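The values are calculated or read from the model by the stated rules, or taken from the named source; none is laboratory data. All of these numbers come straight from a predicted model, not from anything done at the bench. Every residue, glycine among them, receives a Cβ derived from its backbone with ideal geometry; neighbour counts consider all protein chains shown. What goes into the accessible areas is simple: the full protein's heavy atoms, side chains included, and nothing from ligands, DNA or RNA. Shrake-Rupley method; radii C 1.70, N 1.55, O 1.52, S 1.80 Å.
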Amino acid sequence: MSELIISVSGLRGVVGQSLSPDVAMSFASAFCTAIPEGPVVIGRDGRESGPMLCSAISAAVTASGRDIIDAGPVATPTIGVLVRTRTWKDQPVAGGIQISASHNPPPYNGMKLFGADGRVLDAELGKRVRDDYLAKRHHYVQYDQLGQVHLDQDPHATHLDLVLSTVDVEAIRRSGFRVLLDSNHGAGGALGRRLLAELGCDVILLGEEPTGQFSHVPEPTADNLTDIATQVSSANADVGFCQDPDADRLALIDETGRYIGEECTLALCVTRKLQCDRTSPDDVIAINAATSSMSVAIAAAHQVRTIRTAVGEANVCGGMIENDAIYGGEGNGGPIDPRVGYVRDSFVAMAQVLDLMAATNKPLSVLAGELPKFAMQKDKAELTDDSLDEILERLANRFSDAEVDRSDGLRLQWPDRWLLVRGSNTEPIIRFIAEAETPEEAQRLCQLAKGQLNASR
């Protein structure tokens, strides 16, 4: 049986094994005990198990005396927008639940939790939900106090308007881009089509229906998108946009059929933000500890400061709010534009990449080629004992010439390279991520770090 994975922002498991209807109901009940009074927004990605879990979760939420605004199949960032902007019977929304397992294979599903501010739960509230779930704390109401379910007739409209407000719509329309969008039968097709139509694009949409019948492995990596890349080139498209199933991440393919990837998505969006919008030397952008330094270099060229946070969307958003950042995101293809919401957003990425192409009159291949050049290497190893702290201390001593950051494992920064070593939050493994000016140097850093792990055994 696949073990249930519980984090501060939700849970994830294999349907019919670790994730059952009673687990989903108990977790939803615990969520209802932790958030303020008010209705709850519920949505789901396209997975086949989504309707079943939605029924179970809805039963628990209404049994807790709360009304539900049912958004149906929608993207994860859309849930964040709905939580912030919807009301029911003059009550603001108290929180949201997105039923999704992100990029995991079809047997998986999960629950991602949102607070009343429209962003993924912070650590404090997430811990309260987790503790209530494990302690089986819930409060069900009597028959005459049950909540009711109300269907949102157009859950996409507000999100669409917010995304469009961040770009020069007329300039994009004049460009007449031909776009191939691969939604892979996840949750992004409906809003993706509407957005690209509003931007005047000639759209080729693959996997629009949210059936969960993925046409390829759902994580939008180079190996999983070889067929899509060929279709972008053969269709003479200006760009290929590839979403993950809950549409909070976006990978890019250029007009030649070359996979640009997810790290470049954020870097290009940061480029657009700093080139096209007014900025000042006091401005800040926020990225996590594992994100490429491309965005750091771009920000520095515009006299804008970059802060790094611990890995995780909630941590990036917390850093953005604390530092009043004008932009942020993670290198997994998830830009975060606070004007739209504090959630990673593939629709923000699509609109703003097109805006950059229109503003510069350059194809995506050229824009990607102009990004700062870095090479990233990732590795991992099993962690079979409690020696992680010892390993990190040995690494810090071994690389005493580096700037040390211990906010998320151990991050070592040099002027031209960095190394992050951290334990996984969900598996008994240790992760190594290095970035340098050459692939050889990045690989060398990872191997040196793994050598310290082997030395401890």
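In the chain, the portion of solvent-accessible area held by carbon and sulfur atoms comes to 47 percent [1.4 Å probe, whole percent, DNA, RNA and ligands not counted]. Magnitude of the charge dipole for the chain, about its Cα centre and with charges confined to Cβ atoms of Lys, Arg (+1) and Asp, Glu (-1), is about 200 debye.
Each residue, K89 and T360, gets one label point 7 Å from its Cα in the Cβ direction; the gap between the two is 5.2 nm.
Largest accessible area first, the residues M52, M350 order themselves as M52, M350 under a 1.4 Å probe with ligands, DNA and RNA left out.
Accessible area per residue for the range 370-438 is 55 Å², calculated with a 1.4 Å probe on protein heavy atoms, without ligands, DNA or RNA.
Modelled spin labels at Y140 and S215, positioned 7 Å past Cα toward Cβ, are 4.4 nm from each other. Dividing the mean sequence gap of close Cα pairs (under 8 Å, 6+ apart) by how many residues the range 240-372 holds gives a relative contact order of 31 percent.
At 0.36 nm per residue, and after removing the present C-alpha to C-alpha distance, how many nm does the segment from A222 to Q447 gain when stretched out fully?
On the way: separation 225, 0.36 × 225 = 81.00 nm, distance 2.36 nm.
Contour length minus Cα-Cα distance gives 78.6 nm.
For K380, a cut-off of 23 angstrom between C-alpha atoms picks up these lysines, skipping any fewer than 8 places away in its own chain: K450. Taken over the range 6-58, the convex hull of the Cα atoms encloses 85 Å³ per residue. Across the options S280, P218, S20, the greatest Cα extent toward the positive end of the charge dipole of the chain (unit charges at beta carbon of Lys, Arg, Asp, Glu) belongs to S20. Can you give the local net charge around T438? Use residues other than it whose beta-carbon is closer than 11 angstrom to its beta-carbon, Lys and Arg +1, Asp and Glu -1. Around T438, the charge tally is -2. With 21 Å as the limit on Cα-Cα distance, the pairs of K273/K362; K273/K373; K112/K378 that go past it are K112/K378.
Loop-located trypsin sites (Lys or Arg not before Pro) in the range 280-352 (DSSP state not H, G, I, E or B) with no more than 12 neighbouring Cβ atoms inside 10 Å: R339. Using R0 = 41 Å, the C-beta based FRET efficiency linking D168 and S233 works out to 0.90.
Shape analysis of the chain places it in the oblate category; the axes a ≥ b ≥ c from the Cα gyration tensor give an a/c of at least 1.5, with a/b not above b/c.
What per residue convex hull volume, in Å³, comes out for the range 141-226 when only alpha-carbon positions are used?
Dividing the Cα hull volume of the range 141-226 by its residue count gives 163 Å³.
Gain in length, L151 to S280, computed as 0.36 nm per residue apart minus the alpha-carbon separation, to one decimal in nm? Display every interim value, and only then the final one.
On the way: separation 129, 0.36 × 129 = 46.44 nm, distance 4.33 nm.
Taking 0.36 nm per residue and subtracting the Cα distance, the gain is 42.1 nm.
About the Cα centre of the range 361-413, what is the dipole size in debye to 20, counting +1 per Lys and Arg Cβ and -1 per Asp and Glu Cβ, all else neutral?
Working: 8 positive and 12 negative charges, 107 e Å.
Value, rounded to 20: 520 debye.
For the range 262-292, applying the loop criterion from DSSP together with a ceiling of 16 other beta carbons within 10 Å to the trypsin sites (Lys or Arg not before Pro) yields R278.
The chain: longest stretch without exposed GluC sites (Glu not before Pro) (DSSP loop, at most 14 other Cβ within 10 Å), sites themselves excluded? That gives 49-369 as the longest site-free run.
Starting from the range 112-155, pick out the trypsin sites (Lys or Arg not before Pro) whose DSSP state is loop and whose Cβ has at most 13 other Cβ atoms within 10 Å. Walk me through the numbers on the way to the answer.
Working: sites: K112, R119, K127, R128, R130, K136, R137; in loops: R119, K136, R137.
Within the range 112-155, the qualifying trypsin sites (Lys or Arg not before Pro) (loop, at most 13 other Cβ atoms within 10 Å) are K136.
Note on M52 and D131: the extension gain reaches 25.9 nm, defined as 0.36 nm multiplied by sequence separation minus the Cα-Cα distance. Relative contact order of the range 307-457: 18 percent, from C-alpha pairs under 8 Å at least 6 residues apart in sequence.
Counting Lys and Arg as +1 and Asp and Glu as -1, what is the net charge of the other residues whose Cβ lies under 13 Å from the Cβ of S292? The partial results should precede the final answer.
Details: positive: R308, K373, K378, R417; negative: E262, E263, E330, E435, E437.
So the surrounding residues net to -1.
Which of rounded, prolate, oblate describes the range 110-168, given a ≥ b ≥ c as roots of the alpha-carbon gyration tensor eigenvalues and a/c under 1.5 marking rounded, otherwise prolate only if a/b is larger than b/c?
Numbers: a/c = 3.93, a/b = 1.53, b/c = 2.57.
Note, shape of the range 110-168 comes out oblate.
The relative contact order of the chain, computed from alpha carbon pairs under 8 Å that lie at least 6 residues apart in sequence, is 13 percent.
In the neighborhood of T33, defined by Cβ-to-Cβ distances under 14 Å, what is the net charge if each Lys or Arg adds +1 and each Asp or Glu adds -1? All intermediate terms of the calculation are to be shown ahead of the outcome.
Working: positive: R66, K127, R128, R130, K136, R137; negative: E37, D131, D132.
Within the 14 Å Cβ shell, the charges total +3.
R406 contributes an accessible area of around 130 Å² to the protein surface, as traced by a 1.4 Å probe with all chains present.
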